[in-house]
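Report on one structure; see the data block that follows.
The values are calculated or read from the model by the stated rules, or taken from the named source; none is laboratory data. These figures come from a predicted structure and were not determined experimentally. With ideal geometry, Cβ positions are generated from the backbone for all residues, glycine too; neighbour counts draw on all protein chains shown. We work out accessible area using only protein heavy atoms, side chains counted, and drop any ligands, DNA or RNA first. Shrake-Rupley method; radii C 1.70, N 1.55, O 1.52, S 1.80 Å.
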Amino acid sequence: MIKVVKFGGSSLASAEQFKKVGDIIKADPARKYAVPSAPGKRYSADTKVTDMLYKCYSVASKGGEYKPLLDEIKARYNEIIQGLGLDLSLDKEFATIETSFVGRAGRDYAASRGEYLNGIVLANYLGYEFIDAAEVIYFDDNGNFDLDTTEPLLKEKLSNIEHAVIPGFYGSMPNDTIKTFSRGGSDITGSIVARAVDADLYENWTDVSGFLIADPRVIPDSKVITTITYKELRELSYMGASVLHEDAIFPVRAKGIPINIKNTNAPEDPGTLIVESTSIKPEYTITGIAGKKGFATITIEKAMMNSEVGFGRKVLEEFEKYGVTFEHMPSGIDTMTVVVNQENFAKKEQEILAGIHRNTHPDSIDIETDIALLAIVGRGMKSTRGTAGRIFSALAHKHVNVKMIDQGSSELNIIVGVEEAEFKDAIEAIYDIFVNTQI
């Protein structure tokens, strides 16, 4: 059996946390390949190493006094090394980093050094081979991850290595410059490695005991989801649930490799298992609730809209022209509503509205702002009658005004738009009726 294990920044923030990671890996011989993040916060007021690197690079690239900032970063790593009792020096690596910072190697290079250095430390601590991600993770000329190039080369590299540490978050471009994934991208690296070695399981270790049904900042005692499908996770991640980077699903999904979200500080907890499909019946009708604020709705009304060929295309072309993507598009016979990111829309608001008027001649256009979207997701909703009714009954009981409703044809999720001021009340109402009372 082969397991790929990825550890987040909080799991590797200190020597104490490193020791927990070492114990976890050594407890299971199947854990052959480890993917580390950069050191995270040791306590709430602390600074993540990635942020320290960004700041140091910004100063160094502008010719400022960067040495005190670089010394702080060195001290973070030396504290870990000394705490682990390792005979290891990173002086050579830091000399290269210093030269590269002054030479303006780029923000991606700067950000990647946190994972790079932590990978060296973890490999030394475990006695594993260190593999620089820049040598095995590839991006194309446009900066997009290149799976076709990466997978065969990574597979070949690891086929002769029994145990290895591959830093997360970054890779290289065809011109050998460093390129990073978006923030949290170490999750993606772990998924890529799991795919390349045909892993039986990809364990993603963090500081929570799995994926929660609702945001703990809204529902402090939210229950853990024991099993969730890739589709459900994709819906929840897109709407703001952030335990796992949403793009980490794709590399393993094609090969049906499960992901297990686990807690470094409570390794005995089962966590959340993420799978392609399952016969396991969900404990509740819904799997999870997630939401985002900052949306606007543009409602176009025109009599006989439904009989006008190409009306929707003409409307959406105006948004496309100015680079504004739409999130949802619920419609009626004579109305069409486009839900967009409010900030992006505001930049080109009048140009887009003028274009819609010019090309579609609507009877009216109405705009609502400060809208929050909630996604109520669950494979159990498809086989349960009255789910939508229970949602709206719960919201009405809490005096939450529903601004928009959109349900996918898969019956996997229901999107509800509410005023931002009622965002918290809406989540509490839905959680209460489906989880607490289960009526």
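Quick notes
- Each stretch of four or more DSSP H residues adds -39500 (n - 2.57); spread over every residue of the chain, this sum gives -11500 deg cm²/dmol at 222 nm.
- Helix 311-321 and the longest principal axis of the C-alpha atoms of the chain enclose an angle of approximately 40°.
- Computed over protein heavy atoms with a 1.4 Å probe, the accessible surface of the chain works out to 45 Å² per residue.
- Calculation over all alpha carbon pairs of region 156-195 in 10 angstrom steps from 0 returns a P(r) of 26, 49, 24, 0 percent.
- Relative contact order of the chain, defined on C-alpha pairs under 8 angstrom at six or more residues apart (%): 13
- Beta bridges per DSSP with both ends in the chain, % antiparallel, nearest 5: 65
- Summed side-chain charge close to VAL338 - residues other than VAL338 whose Cβ falls under 14 Å, Lys, Arg +1, Asp, Glu -1: -3
- At q = 0.17, 0.23 Å⁻¹, base-10 log of I(q)/I(0) for region 254-371 (Debye sum, equal scatterers on each alpha carbon): -0.83, -1.29
- FRET efficiency, 1/(1 + (r/R0)^6) with R0 35 Å, evaluated for ASP221 and HIS163 via beta carbons: 0.35
- With distances taken between every two different alpha-carbon atoms, region 378-439 has a Kirkwood hydrodynamic radius of 12.0 Å.
- With the convex hull drawn over the C-alpha atoms of region 341-430, the volume per residue is 130 Å³.
- Normalising the average separation of contacting C-alpha pairs (under 8 angstrom, six or more residues apart) by the number of residues puts the relative contact order of region 1-126 at 30 percent.
- Surface share of carbon and sulfur [accessible, 1.4 angstrom probe, percent] for the chain: 47
- Counted charge near PHE181, where neighbours are those whose Cβ lies closer than 14 Å (Asp, Glu -1; Lys, Arg +1): -3
- Only Cα sites of the chain enter the Debye sum here, all with the same form factor; the resulting log10 I(q)/I(0) across q = 0.12 1/Å is -1.09, listed in q order.
- In region 119-224, the GluC sites (Glu not before Pro) that fall in loop regions by DSSP, at most 15 other Cβ within 10 Å: GLU162
- Between LYS6 and VAL35, GLU203, ASN204, TRP205, the built amide H atoms are under 5 Å apart, and every one of these is 5 or more places off in sequence or on another chain.
- The aspartates and glutamates whose alpha-carbon is closer than 19 Å to the alpha-carbon of LYS347, local same-chain residues fewer than 8 away aside, are GLU317, GLU318, GLU320, GLU327, ASP366, GLU368, ASP370.
- In the chain, the longest principal axis of the Cα atoms and the axis of helix 91-102 are about 50 degrees apart.
- LYS314/SER364 FRET efficiency (R0 22 Å; Cβ-Cβ; nearest 0.05): 0.85
- As a length-normalised measure over Cα pairs under 8 Å and 6 or more apart, the relative contact order of region 234-373 settles at 28 percent.
- Principal axes of region 31-189: Cα extent on each, largest first, Å: 43, 39, 30
- Too-long pairs where the Cα-Cα distance tops 32 Å, listed order kept, from LYS179/LYS321; LYS3/LYS67; LYS3/LYS424; LYS62/LYS293; LYS262/LYS292; LYS179/LYS281: LYS3/LYS67; LYS3/LYS424; LYS62/LYS293; LYS179/LYS281
- Among residues other than GLU246 with Cβ under 11 Å from its Cβ, the summed charge is -2 (Lys and Arg +1, Asp and Glu -1).
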